[in-house]
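Reading through the C-alpha cells given below for one structure.
The values are calculated or read from the model by the stated rules, or taken from the named source; none is laboratory data. This is a predicted model, so every value here is computed, not measured. Note: ideal-geometry Cβ built from the backbone for every residue, glycine included; neighbour counts use all protein chains shown.
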C-alpha cells in the first residue's frame, strides 16, 4: 500500500493545500493520504491553537483524506522524522511518501535528521507557483539521498499568511478557502487579534485607501524579517492614518503645516495621529510613518520597508516588478529615484528638502537638477 503524509501548520488550510493533496493522491497512486497538522511547530509561532487547526483540517480534507491528531497530541515540538518513524512502525510493509512544497524541499537539509527522512519516505514535491528544477532535485539527492517525485500541473502561490491578513481586514476569502473553513473562521472570530485597531482605522479612510493600506501591509510583511514583522505591521497599517484629517483638526494633534508641501503633510501628521489616536509610542514606528513620503538620509530598515511597501503595493497603476527585485536596499534606491522623477515631473515645487538630502546621501555621484 502507498501511504502519503502531508504535514503543515495549516493556519488555515486553503484550496491550494487541498489541490496539492488531491493531485498527490491522484498522480502517484496513493492508497491512503494522511493529513498531519503540526502540534507545536519547532521553527515558527502559531497564534491559533492546535485543536482549532485540527478542526479546520477536518473541514478542509475530511472528505477525501484521513486527518491525524498524532502530532497534535504530542506535548513537545513536532519533528517530521519522528512522525515518519511512528508510521513506519504502524505500516512496516508499506511505502511511505512525504508531501511538501518546493520551499520546504530547499530547506530540508536544515531539518532534524534529513537523511533519515529520505530513507523513510519518498518525497512528493509541489512547485507552488514555480517549477521544481532538476538542479534542486539533484542537489537534494546528492546531499541527503532524497528520492523525489514532482507534482505535474500548475500549483498556485496562495499562502496562509496572506489569508490571515485578509481576515484581519475583513476581506472576502471565499476564493482561497472552502465555504466550511470560511464559516468556521468567521463564526469563531479567528485571525482578529488586531480587529479593533483595523476597524478604527477603516473609519479614517476611504474604501479605496483602506484597500491600499491592506496591500501596503501585505508588501511590508514580505520584506520584513521575522523579528521585524510586528513593527512593520503597525507602521504599514498606520502610514496613511492622517490622509483625510482636515486642516481644521491639525491643531488637535499639535501640528502646524507651515511650509510643508501638501503631498507630504499626511505623513508627518500621521505620526502624531498614530501616537494620539492609536496609542503607538515606539519611535521607530512613528518615524517610519513620518518619513514614508519624503525619505531621509540614513533610513532604518523599518523606514525602508514602509517606504518601499507604499510605492510597490500590487494595485499601483505602474509596473512594479523591477522595483521589488533584488532585496530591500536595492528596491528602496529604485523607489527613491522613481519617486523623485515623478515628483519633479508632476509636483515641481513639492520636493521636500529631506528628499533632496536622501538623494544626495544614497546617490552621492548623482547630479540633482
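Miscellaneous remarks
- Yes/no for residue 179 being assigned by TED's automatic domain parsing to the domain that holds residue 310 and surrounded by fewer than 19 Cβ atoms within 10 Å (Cβ to Cβ): no
- Residue match in the range 85-99 (condition: in contact with a helix residue (DSSP H, G or I) (Cβ under 9 Å, 6 or more places away or on another chain) and free of Cβ contacts under 8 Å to residues at least 24 places away in the same chain): yes
- Single residue of the range 1-39 satisfying the filter (within 22 Å of the chain's Cα centre (by Cα), in contact (Cβ under 8 Å) with a residue 40 or more places away in the chain and assigned to a strand (DSSP E or B)) that is surrounded by the most Cβ atoms within 10 Å (Cβ to Cβ): 6
- With a requirement of 3 or more residues that are closer than 22 Å to residue 340 by Cβ and without any contact (Cβ under 8 Å) to a residue 60 or more places away in the chain, the helices (runs of 4 or more DSSP H) lying completely within the range 216-323 that satisfy it span 262-278, 283-290, 301-312.
- Whichever residue in the range 118-168 is surrounded by 13 or more Cβ atoms within 10 Å (Cβ to Cβ) and on the phi > 0 side of the Ramachandran plot and, among such residues, is modelled with the lowest pLDDT: 129
- Flag: residue 105 does not match the condition of being surrounded by 21 or more Cβ atoms within 10 Å (Cβ to Cβ), touching a strand residue (DSSP E or B) at 6+ places or on another chain (Cβ under 6 Å) and not in a helix (DSSP H, G or I).
- Among the residues of the range 324-338, those that are farther than 20 Å from residue 351 by Cα and either at pLDDT 95 or above or not in a loop (DSSP other than H, G, I, E, B) (or both) comprise 324, 328, 329, 330, 331.
- Any hit, the range 52-60, residues being without any contact (Cβ under 8 Å) to a residue 24 or more places away in the chain and either farther than 23 Å from residue 109 by Cβ or under 22 Å from the mean Cα position of the chain (by Cα) (or both): yes
- Of the criteria (1) buried (at least 17 other Cβ atoms within 10 Å of the Cβ); (2) more than 21 Å from the chain's Cα centre (by Cα), which one residue 206 fails: (1)
- Enumeration of residues in the range 49-95 that are crowded, with 18+ Cβ neighbours inside 10 Å and either assigned to a strand (DSSP E or B) or not assigned by TED's automatic domain parsing to the domain that holds residue 6 (or both): 67
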